[in-house]
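To start, the structure under review is shown below, and the notes come after it.
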Amino acid sequence: MNVYTPILVLGALAAAFTVFSVVAASQVGPKRYNRAKLEAYECGIEPTPQPAGGGRFPVKYYLTAMLFIIFDIEIVFLYPWAVHFDSLGMFGLVEMLVFVALIGIAYAYDWRRGGLEWD
């Protein structure tokens, strides 16, 4: 248990800081609400009522989310590999080439489906 004490203390400090920040902001911050501030923000487009089923989202939203996840996961796995590159040897190089090839396939799929077109 002695090994985990610093981690627990750091977690408790982070939780305390979070709770303090939220409470302090709600108590100290200005409370000037108006109609414009209470409306949903939709990138300058006037909000419209949604159909009963919630409406359908264009596929571009999902393609953009998939692109973000692809690059996020790639960075999460590439960073530790880069740190321990020397000790992994040829096995680590081959495994990372397979991983990058799989990421490249997902990237090509997203590109082909129009996930990189922002118009």
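The values are calculated or read from the model by the stated rules, or taken from the named source; none is laboratory data. From a predicted model like this one, the values you see are computed outputs, not experimental measurements. Here Cβ is always computed from backbone atoms with ideal geometry, including for glycine, and neighbour counts include all displayed protein chains.
With respect to (1) closer than 27 Å to Ala108 by Cα; (2) under 20 Å from the mean Cα position of the chain (by Cα); (3) modelled with pLDDT of 90 or more, the lone exception for Leu78 is condition (3). Checking the stated criteria, Thr64 turns out to be closer than 25 Å to Gly115 by Cα and either surrounded by 10 or more Cβ atoms within 10 Å (Cβ to Cβ) or at pLDDT 85 or above (or both).
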